[in-house]
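To keep things clear, I will list the structure first and then write my remarks on it.
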Amino acid sequence: MRLTLEIWRQEAPDEAGRFVTYEMEDVSPHMSFLEMLDVLNERLVDEGEKPVAFEHDCREGICGSCGMLINGKAHGPMRATATCQLHMRHFSDGDHLIIEPWRSAAFPVIKDLVVDRAPFDHIVQSGGYVSVNTGSAPDANTIPIGKERADRAMDAAECIGCGACVAQCPNGAAQLFTAAKVAHLASLPQGQPERYRRVAEMVETMERYFGSCTNYGECEAVCPKEISIDFIADMNRDYLKSKLRGGESG
Amino acid sequence: MGRLSDLYHSAVGKKALMAVSGIVLFGFVLVHMAGNLKLYQGAEKLNAYAAWLRQIGVPLLPETGALWVARLVLLAAVGIHIVAAYQLTRLNQRARPVGYRDRSAVQATYASRTMRWGGVIILLFVVYHLLHLTWGTVHPDFVHPEVVAGGETEYDVFHNVVTGFRVWWVSGFYIVAQLALGLHLYHGLWSLFQSLGLPNQSAQPWRRRVAAVFALVVTVGNVSFPISVLGGWVG
Amino acid sequence: MTLEARVPDGPLAEKWQRHRDRLKLVNPANKRRFDVIVVGSGLAGGSAAATLAELGYRVQCFCFHDSARRAHSIAAQGGINAAKNYQNDGDSVWRLFYDTIKGGDFRSREANVHRLAEVSMAIIDQCVAQGVPFAREYGGTLANRSFGGAQVSRTFYARGQTGQQLLLGAYQALSRQIELGRVTMYPRTEMLDLVVSDGRARGIVTRNLRTGAIETHTADAVVLATGGYSNVFFLSTNAKGCNVTAIWRAYRRGAYFANPCFTQIHPTCIPQSGDYQSKLTLMSESLRNDGRIWVPESADDERPPGDVPKEDRDYYLERKYPAFGNLVPRDIASRAAKEVCDEGRGVGPGGRGVYLDFADAIQRLGRDTIADRYGNLFEMYERITGEDPYEVPMRIYPAPHYTMGGLWVDYDLMSTIPGLFVIGEANFSDHGANRLGASALMQGLADGYFVLPYTIGDYLAQHMGEEPLATDHPAVRETVAEVEKRIGVLLAADGDRTVDSFHRELGALCWEYCGMSRSASGLRKALEEIPALREEYWQRVNVPGSAEELNQALEKAGRVADFFELAELMCRDALDRGESCGTHFREEHQTEKGEALRNDEEYTYVSAWEFQGDEAEPELHREPLEFEAVSPSQRSYE
Ligand SMILES: Cc1cc2nc3c(=O)[nH]c(=O)nc-3n(C[C@H](O)[C@H](O)[C@H](O)COP(=O)(O)OP(=O)(O)OC[C@H]3O[C@@H](n4cnc5c(N)ncnc54)[C@H](O)[C@@H]3O)c2cc1C
Ligand code: HEM
Ligand code: HEM
Ligand code: SF4
Ligand code: F3S
Ligand code: FES
């Protein structure tokens, strides 16, 4: 099939970018979206141009490297699908695709479609863990955890840190990402001792970089792991509790 | 107080305060709408209701005392709500300085996307509404309360409402404002559960339904007043 | 130099404890004076960096990803082994040890494998304490599944995302140390060379992938945890960024490279669909628990799978290996698939595929149970192929997946360059000629949490009071100059072919001659073709852009340049090893039934190759393997 791509090209963080149009012929429906871009890049290099920079690694929807806005939707038109898992069979001949990088003050563009997502790491660094040193753990089965609870923790823990939630949120909020980590640990007995301190630190770090949540729910809709915004409610409650109790653990 | 101001420094805290102020405002709107239903019981009842409002708490409180307490609470709620809304809006605009060339809402409701404009419309409405039905400033045929024999005050709220709504564009503006309020509540009521992390168990689909029902009740009630007057069923 | 594995003496089961009792310790106050570089933030690197920092060392951790959390370990699906015996099915440290060493076809060091089995339990405890949400039974205890090559259920898992959850656990521990200021994290930073001075590893030269700046970092010890090199095949199940550069550069600086030809071909991957294909996707081995593998009896059966009656199907694994059936180890399952496809009985486009059929399991257990067990894998399959595995059997084919080879290390995980430690998939240590499922995660975490943190202290204690190399030391400056020169040459080639086009060609050569089966004549041919292609590469490669910017083409070009050299060593090693063992299948050496035929007389050794310069052939050193506790037998899964 034939496609027209309009891709954001930007040489460097402080340089102005622009959209450049590329015509693609002979796109196979079995290709993945990133393979389609690979083909474009091979052509660009052969034509003496610079290839389009985009991040990717695992190409199976788990590392969270890839991500771009395709026709206004983070990760493209398919629900629960990261860009690298998107296949061209979901597009039709003659489609016109506009491809943009994640946009958010906290995620400055480094080049073309590559953005800097370091603030996500800072959020986790500020408290997204259980403080347990290697070697000090009791036998794994001494803490029974019901299946439902474990499943719920896993639902939240599945977040791949791709940043689509921030990209799609009109407020550039990282609520879903942060809530997912908070909820993962808060659902488990291991996470209890630091529960309220953790949420306070993580929310405050989040707010140093990102916008606030108006509960639009856009994030949930584009999240490749379908993380639910219910977790945002849980995080808010824990945060309020931590503040009203003066940060004590409970 | 330290904790509250601490809370206010964070956006999540601000949202919580917006939610709490939103509950207060919603409570007022709901009660206000319910009270105004007396319009359908005729002039006497409605006017008596207006008078009664001022007598709540007497003799423990001076006349209109309870009303003033309520007014202050309302005023504080409006203040917090608006200041927080403004600050959060600015924060969010800074967090997303560059928009997308092509972006459509994926699942965000129309109501959620119009919270800010909706809020402004409501604010303008309230100002107009006070000038109109409380102080009469913009009401050409306003009947002010009169002290009658026996020291009692008489109100003709019924008259003010009916004559006010007979002007078609006044009614029109009221209706538009009520629809805006309805949308604001539809998202706002759901959103406040989310902002406060209520209820304790997540995944409660009924939060949306509760929000929809209450928003609908308030809107239908309020919109019915100007329509009934225009339609000639009241007055 | 002789290879000194430094395996402690004493009975097998006591070696590790005895060794630990004798290792030199560094007291807490002194730990703060030592700098340790950890390259890689995967399961091995992340866990090591976090644990070393907890102990008090000053750690610098590097990864080429934009975040430590994206290391390729994240993609592991199936699970992690541990000899917990929670299922009461007779598992034990001995059994895990035995299965692993047998699975590796008796080409690994007994003492290392036993240690791995011993620490396996502590890993699960540690991960659970970190909050890793392993699957649970309704009663709240941990759930297990079984995996290829074992007859007990000892695999712990978190849906189909075990690697992700384990890595996030390590990443969280690492994040905590970053916050505490004990680890300095350098994301988007690629190690391009190792600084060796006075024969010891003293630092690394890196390129900041964002700005292109070449930087140096020196320390008291360097740990490489840079993962595997299956991407030499171009098409593999590995993430696109996986590469050999870090360990290859160390090899060129004097670290021996062990068993480079031992590459695991995973049996259950989604077959290639076209020549634009950029990678192959693994379907977790756990699918073989319930899926049945078959091809049509006859080569010219063109019917859709549903129309082929049972009697016209060949469930070849169940037929050939009744005891293990569909759960035979990976190398055996892969080769059997290749065999039936070579017979023309393969299915799907190009005839390179076999069916993995769930129809019986769905009938037996119900669709819901199957969805519960494999739902996300089924979805993944459908996304890629557009076919619904609940209705139509999956098509699978083997693909390069894991590299048992890597830098040679002694029992302390130190390479032949003192001060250079190698952990995780980057070393050669525990899996011999074939790795069992769910044991790479175990090894990475064992190395990082429970082995290296002890053994590195022994080395450091001997260098108390020494300062790290100054960054203007001649050894550092020379290494930087070499790195810059190489980048310059790649950019200056200004040829007419893309890096990928070369990489694909190289990958095809490796797959053809050094893939699932190998022969002396093929390997000799490859040893002529690969160097020729490499020559061409340096002449004709086209790398656009400059060195002073984010330049993904340049990153790839450097990695592929190293793959060329590695590919040659792989073939050389495969040629040297005149036997079949594990994944290394030499056509000349097979049993009558077509199984791998080991030659224990001559090849019970680890090959460790020493670099001798670009013009000379590398020198082979042999570390003889001694089996005291087990006796190598012909592996049988019938
Ligand atoms: C699809 C798939 C599924 C798997 N499933 C399982 C399973 O179920 N069970 C199991 O036990 N094993 C499984 N494995 C194998 C296992 O995942 C890996 O062997 C293991 O995770 C490797 O971990 P590692 O820490 O050694 O390396 P990696 O996780 O690959 O980490 C390498 C790190 O090094 C960094 N790095 C690399 N080169 C450089 C450089 N030059 N400069 C700077 N940094 C560098 C990277 O950024 C990264 O941080 C699977 C593998 C694949 C491909
Ligand atoms: C007077 C002008 C008003 C303005 C400018 C305004 C503005 C807003 C805005 C912008 C929000 C969303 C804030 C965010 O999520 O970031 C909001 C939420 C809300 N508003 Fe208003 N509003 C106004 C009046 C009202 C009134 C009169 C009511 C009640 C009847 C009300 C009830 C609510 C509720 C319940 C919420 C939800 C709070 C939450 O999400 O937690 N608002 N308002
Ligand atoms: C169509 C719907 C409405 C009608 C018919 C109506 C009617 C009235 C009337 C008659 C009064 C004067 C009562 C008195 O002085 O005793 C009044 C006061 C008031 N109304 Fe409304 N109202 C409507 C909607 C609203 C809405 C939606 C709001 C707020 C968002 C609102 C806010 C107020 C306020 C703040 C006062 C002043 C109360 C006071 O005296 O402190 N009204 N309204
Ligand atoms: S919450 Fe979803 S969208 Fe956001 S980073 Fe995690 S996986 Fe991506
Ligand atoms: S889209 Fe944004 S506003 Fe909240 S619910 Fe999601 S973060
Ligand atoms: S490339 Fe890893 S999630 Fe897309």
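List of remarks:
- Spherically averaged projected area of the convex hull of Cα atoms, the range A:91-154: 9.3 nm².
- For chain C, the relative contact order comes to 20 percent (Cα pairs under 8 Å, sequence separation of at least 6).
- Between C:E617 and A:E23, the FRET efficiency estimated from the beta carbon spacing at R0 = 51 angstrom works out to 0.55.
- The figure for B:W52 is an accessible area of roughly 140 square angstrom, using a 1.4 Å probe on the protein chains alone.
- Computed extension length for C:A461-C:N27: 155.3 nm, one decimal, from 0.36 nm per residue of separation with the Cα-Cα distance subtracted.
- Taking other residues whose beta carbon is less than 10 angstrom from the beta carbon of C:D91, and scoring Lys, Arg as +1 and Asp, Glu as -1, yields +1.
- Loop sites here are GluC sites (Glu not before Pro) outside DSSP states H, G, I, E and B with no more than 13 other Cβ atoms within 10 Å. The longest part of chain A free of them is A:48-225.
- Using only alpha-carbon positions in chain A, the gyration tensor eigenvalues give semi-axes of 38, 19, 16 Å once each is multiplied by 5 and square-rooted (largest first).
- The calculated 222 nm mean residue ellipticity attributable to helices in chain C amounts to -11500 deg cm²/dmol, summing -39500 (n - 2.57) over DSSP H runs of n ≥ 4 and dividing by all residues.
- Taken per residue, the accessible surface of the range C:539-621 reaches 38 Å², heavy atoms only and a 1.4 Å probe.
- Highest average packing first - C:165-177, C:587-599, C:555-567, Cβ atoms within 10 Å: C:165-177, C:555-567, C:587-599
- If only the Cβ of Lys and Arg carry +1 and only the Cβ of Asp and Glu carry -1, the dipole of the protein assembly as shown around its Cα centre is close to 4360 debye.
- Taking amide hydrogens as placed 1.01 Å from N in the peptide plane, the amide H of C:Q60 sits under 5 Å from those of C:V36, C:I37, C:V38, C:T184, each at least 5 positions away in sequence or on another chain.
- The residues of the range A:112-233 expose on average 25 square angstrom of accessible surface per residue, using a 1.4 Å probe on protein heavy atoms.
- Chain pair A, B: total accessible area buried, heavy atoms, 1.4 Å probe, Å²: 3800 Å²
- Over 28 Å [Cα-Cα, chain B], rounded percent: 41 percent
- Whole-Hz couplings from phi, Karplus 6.51/-1.76/1.60, listed for the range B:45-61; x for Gly and Pro: 4, 4, 5, 5, 4, 4, 5, 4, 3, 7, 9, 4, x, 5, x, 4, 10
- List of the range C:537-571 residues, accessible area with partners at least 30 Å² below that of the chain alone (1.4 Å probe): C:N542, C:P544, C:E549, C:L550, C:Q552
- Compactness index (Cα Rg / 2.2 N^0.38 Å), the range C:569-638: 1.28
- Calculated log₁₀ intensity ratio I(q)/I(0) where the Debye formula runs over C-alpha points of the range C:112-251, q = 0.14, 0.15, 0.17, 0.19 Å⁻¹: -0.96, -1.07, -1.23, -1.32
- Probe 1.4 Å - accessible area at C:T281, Å² to nearest ten: 10 Å²
- Taking 0.36 nm per residue of separation and subtracting the Cα-Cα distance, full extension of the segment from C:E548 to C:R486 would add 20.9 nm.
- If the chain linking B:L53 and B:L131 were pulled fully straight, counting 0.36 nm for each residue of separation and taking away their Cα-Cα distance, it would gain 26.1 nm.
- When the GluC sites (Glu not before Pro) in the range C:1-109 are filtered for DSSP coil states and for at most 15 other beta-carbon atoms within 10 Å of their beta-carbon, the remaining sites are C:E4.
- Dipole axis of chain B (+1 Lys, Arg; -1 Asp, Glu on Cβ), positive-most option in B:G35, B:W52, B:L196: B:L196
- Legend: mean number of C-beta atoms from other chains within 10 angstrom of residue C-beta atoms, peptide B:86-95, equals 5.
- Projected label points at B:E146 and C:Y315, each 7 Å from Cα along the beta carbon direction, are separated by 9.9 nanometres.
- Counting only DSSP H runs of at least 4 residues, each contributing -39500 (n - 2.57), and dividing by the residue count of chain B, the helix-based mean residue ellipticity at 222 nm comes to -23000 deg cm²/dmol.
- Across the accessible surface of the protein assembly as shown, with the other protein chains kept in place and a 1.4 Å probe, carbon and sulfur atoms take up 54 percent.
- Residues in the range A:14-36 that, when all protein chains are in place, have 10 Å² or more less accessible area than the chain alone would give (probe 1.4 Å): A:F19, A:S28, A:H30, A:M31, A:E35
- Karplus-derived 3J(HN,Hα) values for the range C:458-475, using 6.51 cos²θ - 1.76 cosθ + 1.60 with θ = phi - 60°, are 4, 5, 5, 4, 7, 10, 4, x, 8, 8, x, 4, 5, 6, 9, 4, x, 4 Hz; glycine and proline are entered as x.
- Annotation: for a label point projected 7 angstrom from Cα along Cα→Cβ of C:Q590, residues of the range C:370-406 with backbone N closer than 17 Å are C:398.
- Most to least packed among C:354-367, C:308-321 [average Cβ atoms within 10 Å]: C:354-367, C:308-321
- Rg and Dmax of the protein assembly as shown, both derived from C-alpha coordinates alone, stand at 33.7, 124 Å.
- Near the amide H of C:S153, within less than 5 Å, lie no amide hydrogens of residues on another chain or at least 5 residues away, with H placed in the peptide plane.
- Taking only the alpha carbons of the range B:1-110, we obtain Rg and Dmax values of 20.2, 64 Å in that order.
- For the segment C:173-185, counting C-beta atoms of other chains within 10 Å of every residue's C-beta and taking the mean gives 4.
- Residues in the range C:612-620 carry Karplus couplings, in order, of 10, x, 5, 8, 9, 7, x, 9, 8 Hz; the curve used is 6.51 cos²θ - 1.76 cosθ + 1.60 with θ = phi - 60°, and Gly or Pro positions show x.
- Total accessible surface hidden between A and C, rounded to 100 Å², 1.4 Å probe: 6300 Å²
- For C:Y605, residues with placed amide H under 5 Å, excluding near neighbours: C:L625
- Relative contact order of the range A:95-151, defined on C-alpha pairs under 8 angstrom at six or more residues apart (%): 17 percent
- Solvent-accessible heavy-atom area per residue, rounded to whole Å², over the range B:60-130 at 1.4 Å: 61 Å²
- Averaged over the residues of A:168-179, the number of partner chain Cβ atoms lying within 10 Å of the residue Cβ comes to 4.
- The range B:1-151, relative contact order [Cα under 8 Å, separation at least 6], %: 18 percent
- Based on alpha-carbon atoms, the Kirkwood radius and the radius of gyration of the range A:1-138 give Rg/Rh equal to 1.07.
- Mean-position separation - Cα centroids, the range C:548-583 and the range C:478-497, in angstrom: 18 Å
The values are calculated or read from the model by the stated rules, or taken from the named source; none is laboratory data. Bear in mind that the values here come from a model prediction, so they are computed numbers and not experimental data. Note: ideal-geometry Cβ built from the backbone for every residue, glycine included; neighbour counts use all protein chains shown. Please note that ligands, DNA and RNA were not included when accessible areas were found on the heavy atoms of the full protein model with its side chains. Shrake-Rupley method; radii C 1.70, N 1.55, O 1.52, S 1.80 Å.
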